[in-house]
Amino acid sequence: MRNGKSSQLQRQGPGVVLPLLLLLLLAGVANGQQNKLPPLPPAPPAPPELRAAEARLTALTNNVTYTISDRFSFCVADPVEDWNKAFNYTSNLGFVDRCLLETGGDLPQRLCTPEEVKFYFSSLYDKDGEKNLFLKTNINCNRSSWVQGCDPGWACAIDPNPVPSKSDNTKIPLRTRNCQACCEGFFCPRGLTCMLPCPLGSYCPRARANSTTGLCDPYKYQITPNSTFGCGGADMWADIRSTEDVFCPAGSYCPATTEKNNCSSGHFCRLGSTSQEKCIIKGSCHANQDHENRYVLGACLVGALCVSLLIIYNCSGQFLSIRERRKARSRENAIQLARQQLKAHEGWKAAKQFARRHVNGMQGHLSRTFSRRRSFRQQPDPENSSHRVQEAPLMGQVKAQELSDSAVFAAESTNEITEVMPSVVVDVSDGEIVATKEKPAPKGKHRSTRTQVFKYAYGEIEKEKFRQQENKDLTFSGVIAMVKDQQKEITRPLLKVEFRDLTLTLGKKKLLRSITGELRPGHVTAVMGPSGAGKTTFLNAVTGKVSGYKMTGSVLVNGKQGNIRSYKKIIGFVPQDDIVHGNLTVEENLWFSAKCRLSAKMKHRDKVLIVERVIDSLDLQGIRNSLVGTVEKRGISGGQRKRVNVGIEMVMEPSLLILDEPTSGLDSSSSQLLLRALRHEALEGVNVCAVVHQPSYTLYNMFDDLILLAKGGLIVYNGPVKTIEEYFTTLGIHVPDRVNPPDHYIDILEGIVKPESGINAKHLPVHWMLYNGYEVPSDMQDDLKAIGEQNPQIRSSPSMSGSTPHCLPLRNTFAEERNRLEHHLSKPKDLSSRRTPGIISQYKYYLGRVTKQRLREARLLAVDFLILGLAGVCIGTIAKLSDKSFGMPGYIYTIIAVSLLGKIAALRSFSLERLQYFRERESGMSSLAYFLARDTIDHFSTVVKPIIYLSMFYYFNNPRSSIANNYVVLLALVYCVTGIGYTFAICFSPGSAQLCSALTPVVLTLLSTQNSTPTFLKRLCYSKWALEGFIIGNAKMYPGVWLITRCALLFTSGFNIHNYKFCILILFLYGLFFRMIAFAAMILLKKR
C-alpha cells in the first residue's frame, strides 16, 4: 500500500506525479552519461562548453534523486533499473555529439530545468486527472510574448543575463535567444522553450513537412500559421492514450532514439521495442510482425497435458483394480487354507473319538476275561496282565499319536508361511476346539502378509461357525455361562438403557408421552406401531439425537444418570435412509468405518477379522468389490445397499445398536438373513433395538422383546415377545387363527379392527400404565374415567412381572430432582472405554478415501478442465491484448471466468456428501480430519487449473508478463475462490449455492473496477487484489518509453507496483479465512 505521502500525491492529481517521473528519467540520463560510458582512451581536456553541460546534468541528477526516492514510488519498481532501461545511452551517444555540433556547444543552456519539467507535466492533466490539449501559459509563451521556441519541435537557449521579474513565481528561466529546431533524439513541447531527451523505445527524428496534409510527419503537428521556419523535431512524450508519435512503431525496433530497423523474419517487435525478440517457432513469425502466433504451441501444450492426465487416471484405475485382484487372490487362498485346516481337525476329532471307543471296548473285553479267570480261581500272571492291560491304551496312544502327526503334517503342508506369523493351530480336546498360537517370529525380521492375515481371520470365522452348529439354541445367558466356564472375558462393554417418563414436545404438540421401559443387553428389541406413532422419534430421543425439542423425563445408562451422547463411540445408529458412499465399494465402506471407529490399539488382523465376519454374516461376499452406486450410476441392489448400511455400524463393534427400519424394502429371506446377523451380535452382548414395520411371523419370533407404540407417542406394551398374547388376553383381545399377531395389534391401534371385548383402542396406553403401576398423566385422566367399571380387573401376574424387568416403581421426587440437577450441571465427557484413532490417523484414512473417490470421478474432473480450457481460448481470442490498457479487459474476464468455474467445482466437495458427513460426525469421527482431507485432495485441482487455463489464454492473448507471474496470481485466485465455494456449499442449499457462486464474481469484479466505488469497499473485494496482481506483473514489462503510461494507469487504477507479493498474500489469506468460516459453519450448522 502507498505511504502517507503517496496518498497526498494521489489527491494532488497526475499533474504532480508526472513531472516527478520525468525528473527521475532525466536523472537517469545523467547517471547513464556519467557512469555507464565504456572506458575510452585518454582524450584531450574537454572544452568549457562540455564541462558546463556535465555540471548542469549533475546538479539536476542530485535534485531529482532526492525527490523521486521520497515521493515517487508507486509506479517505479527499481529506480536504477528503470533509469537504465529509459535513459542508458552508453551504447550510442552519437545524437548528443550531433546536438552539440548543431547548437554550437549550447546544449546545456537548452536543457529543461526541473521547474520546467514539473510545469510541462502538470499542464498535461487538470486537477481531476483529465487530459489537456495545450500547456498553460508561462513567462516565455503567453498572449503577449510568443517566441519562436514556443512552437512545437523548437527550443531556445537561456539568456546569459536574465532580468528578474517580480510577477514570475514559477522560477522558469527566460529563454528568448538563439531559437532553432529541436535536435534529433530530443523532444521540445509546444508552449515550452526547452529540450528533453527522448527515452529508449522511442523514435525521435527531425520532422518533415507533408505538403498534402500540412502536418509535420511523423508527429502530426501543424506548422504555426504565418511561420517561415518550418517543422522542427519531436514535440511530445506522454501517455500513449494521448499520443503515440514518439513510440517506436510495432513491427520495428529502435536500438537508439534516432534509429529505426525493420523486424526480421523469425522475430517479432512490439510497440516501443528496443530490440527484436526471437520467436519460439521461427516459421510462425514473418518480417515486420508485431507479435508471435502461439496458437499451435498452446494447442500442443494442452494436448500433452490431456494425454498426461488420461495416463494418470487410467493407471490409477488399473492400480486400484490390480490391488483388489491381489487382495481377492490372497483372500481365496486364506479361505481354502482355513477350510482345509478345519477339515483336518474334524478328521482328527473323529479319529480320536474312534480311538476312545476302541480303547473302551478293549478295556471291557479285558475286564470280562479277568473276571472269568477270577471265577475259576486261576492265579494271574502279574507281569503279563499288567502288560496286557497297558498294551491296549498304549496302542491307542500310538495310533492317536500317528493320527495327530498326520493331521499336523496335513496342516503344515497347506501352510506355507507358518514361521512368519503366529498362526492358529486348532486342537480338539473333549469335543471342544481350543485355539493355540505358535511362537511369533523375531520382531523386525518378518512382517505379516495379506494371506496370513486373511488366514487368521477366516480360521476364526470357520471356528465360530463350528461353535454355532454345536450351540444352535444357545441364548445370551448360555453364552455368559459358557464364557465363565472357559474363563474368558467379553470384550464389549454392556449397555443397559432405561427411559423413565420420557416426554418429547415440539411447541404445543407432544410427540412422545410418558414412555417408560428399558433396552437390555443381549436382547433384540423390536419397536412397532402404526404410522405416526413416533417410532423414529423414540429412537432419536433414546440416543440423544433430538435438538430443538423440549424433552422431560430421564434416560439412564447402566442405572446412572448421564448424557447418553457420552457413549457415542460405542453406539451404532443405522438411519432409515441408506446413507452410504456410492463411489466406494462395499468393502471400502465397511473398512473405513472399522478403521476410524474401532479401538486404535486393536491389531490390524483383528480388524480384518471383524470386517470379514460382518461381510460373511450379511452375505456380502459376492459384491464386496462392487461399487455401491448412486442415483446417476447404477450399483448394487436396494436390499444389498440396506445390508451395507447396517454393516457400517456392525463393523465398529457397538454395545448399543439402534436400527431405523432395517428390513424395509427387503424380501423375507433377506430380512431373516439380517435378523440372524443381529441375533449373532446380541449373543456377543450387544443391545439391539430396531424399528420394524409389520414383520412376518417367522421374523417376529426372532425378536426377544417388543415395544408397541400407539398414535401420539404412547406405549401400549413393552416386554418379551412370548408374553404379549398373554397380556392382551387379559384385556379381552385374542389373536384369530392364521393371523400374524403384530399385524392384528397394529390393525387394532389403527382402528381398522375392533376388539371383540369392546375395549377402546384409545384406552390401551392407560391400561398399560395401570397394569404396571405407572402414574397416569393429568391430560389422560378423562380416559382413565372413561374406562370406569367396564375395564377388566388387571392384576400383575408373577410370571409377567418376573419376566418384565421394566415394571418399575414410582420414582422418588427428591431423587429425580437431584439426578436432573447433576445431569445439567455436570460437563458431559467421553464415558466409553474405547479410544479411537486420533485426528492425524483419521486424516490419513480420510485422505485415502477421498483419493479413491476422486480417481473414480476422473470424468467430472476432466470436464472441468475442458470447460476451463475452452474459457481460456474464448477469452484469450476475444479480449486481445491492448498495450494502452496493459491487457486489463482480458484479466477482468479471466477473474470472472476462473472464479465462476472454481466455485462451481468446489461445491461438489461438500454439498454432495452432506448426509454422509452428518452420520459420521454423530458417530464421533473427526470433522477437522474430514475437512482437511477433502481440502488437501482439492489442492491438486488448485495447482492444475491455472496451468490448464494459462496454456490456452496465455498463448492466445499473448501478454507481455511472464507465464510464471500469471500462474502465481491465478493459483492464489483459485485457492481463494475454492474457499469461498466451500462456504457456499456448507451454508446454503445446492441451488442457492450455485446462484451465489455465479453472481458473486460478477458483482465483486464490477465493484472493484468502478472509479465511484469507495476505496474501503474495493479492498474488501478479492477481485481487486487479483486484478492488481495481474496488472502489476504486466506493467513491469513496460519500461522505457512506457513509463509515463505505466504510472498513469497505476495511478488511475489505485495500484502500487510494489504490492505484487502483497496481493498474492491477500488472496491466500482470503482463501484461508473462508476455509475457517466453512469449517466453523460445518461444525455449528445442524442437519437440515
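The values are calculated or read from the model by the stated rules, or taken from the named source; none is laboratory data. This is a predicted model, so every value here is computed, not measured. For neighbour counting, all protein chains shown are included, and Cβ atoms are generated from backbone atoms with ideal geometry for every residue, glycine included. Side chains are part of the model used for accessible areas, which takes the heavy atoms of the whole protein and leaves out ligands, DNA and RNA. Shrake-Rupley method; radii C 1.70, N 1.55, O 1.52, S 1.80 Å.
Numbers at a glance
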| read-out | value |
| --- | --- |
| Qualifying residues in the range 591-614 (those that are in a loop (DSSP other than H, G, I, E, B) and not charged (D, E, K, R)) - the one farthest from residue 834 (Cα to Cα) | 602 |
| Selected residue [out of contact with any strand residue (DSSP E or B) (no Cβ under 9 Å at 6 or more places or on another chain), among the polar types (S, T, N, Q), modelled with pLDDT of 85 or more and assigned to a loop (DSSP other than H, G, I, E, B)] from 265, 227 | 265 |
| Options 276, 222; residue that is open to solvent by 20 Å² or more (accessible area, probe 1.4 Å) and under 50 Å from the mean Cα position of the chain (by Cα) | 276 |
| Restricting the range 735-773 to residues that are among the hydroxyl-bearing types (Ser, Thr, Tyr) and modelled with pLDDT of 85 or more, the residue that is farthest from the chain's Cα centre (by Cα) | 771 |
| Scope the range 238-262; condition open to solvent by less than 20 Å² (accessible area, probe 1.4 Å) and assigned to a strand (DSSP E or B); matching residues | 247, 252, 254, 256 |
| Qualifying residue in the range 126-134 (condition: open to solvent by 40 Å² or more (accessible area, probe 1.4 Å), over 20 Å from residue 235 (Cβ atoms) and at pLDDT 80 or above) | no |
| Subset tally (residues that are over 15 Å from residue 697 (Cα atoms), open to solvent by 60 Å² or more (accessible area, probe 1.4 Å) and either part of a helix (DSSP H, G or I) or without any contact (Cβ under 8 Å) to a residue 24 or more places away in the chain (or both)) for the range 720-766 | 8 |
| Pairs with Cβ under 8 Å, 6+ apart, first in the range 917-942 and closer than 16 Å to residue 841 by Cα and in contact (Cβ under 8 Å) with a residue 12 or more places away in the chain, second open to solvent by 10 Å² or more (accessible area, probe 1.4 Å) and among the acidic types (Asp, Glu) | 930/920 |
| Hey, residue 527 within 41 Å of the chain's Cα centre (by Cα), crowded, with 19+ Cβ neighbours inside 10 Å and at pLDDT 90 or above or not | yes |
| Residues located in the range 693-719, provided they are assigned to a loop (DSSP other than H, G, I, E, B) and among the hydrophobic types (A, V, I, L, M, F, W, C) | 702, 703 |
| Within the range 96-113, considering residues that are farther than 12 Å from residue 194 by Cβ and assigned to a helix (DSSP H, G or I), the one least open to solvent (accessible area, probe 1.4 Å) | 99 |
| Every residue from the range 997-1010 that is touching a residue at least 40 places away in the same chain (Cβ under 8 Å) and either surrounded by fewer than 20 Cβ atoms within 10 Å (Cβ to Cβ) or within 22 Å of the chain's Cα centre (by Cα) (or both) | 997, 998, 1000, 1001, 1002, 1009 |
| Some residue of the range 207-224 being over 27 Å from residue 959 (Cα atoms), modelled with pLDDT of 85 or more and out of contact with any strand residue (DSSP E or B) (no Cβ under 9 Å at 6 or more places or on another chain) | no |
| Positions within the range 232-270 being out of contact with any Ser or Thr (no Cβ under 7 Å at 6 or more places or on another chain) and of a type in the set (S, T, N, Q), in sequence order | 242, 243, 252, 258, 264, 265 |
| Qualifying position, being small (Gly, Ala, Ser) and either surrounded by 18 or more Cβ atoms within 10 Å (Cβ to Cβ) or touching a residue at least 12 places away in the same chain (Cβ under 8 Å) (or both), among 882, 911 | 911 |
| Subset of the range 302-314 (residues that are open to solvent by 50 Å² or more (accessible area, probe 1.4 Å) and at pLDDT 70 or above) | 304, 306, 307, 308, 310, 311 |
| Boolean, residue 705 is open to solvent by 70 Å² or more (accessible area, probe 1.4 Å), touching a Lys or Arg at 6+ places or on another chain (Cβ under 9 Å) and not β-branched (Val, Ile, Thr) | no |
| Matching residues, the range 615-634, being touching a residue at least 60 places away in the same chain (Cβ under 8 Å) and either assigned to a helix (DSSP H, G or I) or open to solvent by less than 60 Å² (accessible area, probe 1.4 Å) (or both) | 616, 617, 627 |
| Pair list, Cβ < 6 Å and 6+ apart or interchain, from the range 92-110 residues that are under 21 Å from residue 203 (Cα atoms) to residues that are of a type in the set (Val, Ile, Thr) and surrounded by 14 or more Cβ atoms within 10 Å (Cβ to Cβ) | 95/258 |
| Condition check for residue 299: over 21 Å from residue 869 (Cβ atoms), modelled with pLDDT of 70 or more and either among the aliphatic types (A, V, I, L, M) or in contact with an Asp or Glu (Cβ under 6 Å, 6 or more places away or on another chain) (or both) | no |
| Options 563, 583, 558: the member that is of a type in the set (S, T, N, Q), open to solvent by 10 Å² or more (accessible area, probe 1.4 Å) and under 20 Å from residue 327 (Cβ atoms) | 583 |
| Test for residue 212: is it free of Cβ contacts under 8 Å to residues at least 40 places away in the same chain, assigned to a loop (DSSP other than H, G, I, E, B) and open to solvent by less than 30 Å² (accessible area, probe 1.4 Å) | no |
| Every pair of residues 6+ apart whose Cβ atoms lie under 6 Å, when the first sits in the range 510-534 and is within 13 Å of residue 553 (Cα to Cα) and in contact (Cβ under 8 Å) with a residue 24 or more places away in the chain while the second is basic (Lys, Arg) and part of a strand (DSSP E or B) | 516/500 |
| Residues of the range 635-669 that turn out to be assigned to a helix (DSSP H, G or I), open to solvent by 10 Å² or more (accessible area, probe 1.4 Å) and out of contact with any Ser or Thr (no Cβ under 8 Å at 6 or more places or on another chain), as a count | 4 |
| Residues that are crowded, with 24+ Cβ neighbours inside 10 Å, aliphatic (A, V, I, L, M) and over 31 Å from the mean Cα position of the chain (by Cα), drawn from the range 1018-1042 | 1035, 1041 |
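Here is a yes/no grid of residues against (1) free of Cβ contacts under 8 Å to residues at least 24 places away in the same chain; (2) touching a helix residue (DSSP H, G or I) at 6+ places or on another chain (Cβ under 6 Å):
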{"position": "860", "(1), (2)": "no, no"}
{"position": "868", "(1), (2)": "no, yes"}
{"position": "878", "(1), (2)": "yes, no"}
{"position": "886", "(1), (2)": "no, yes"}
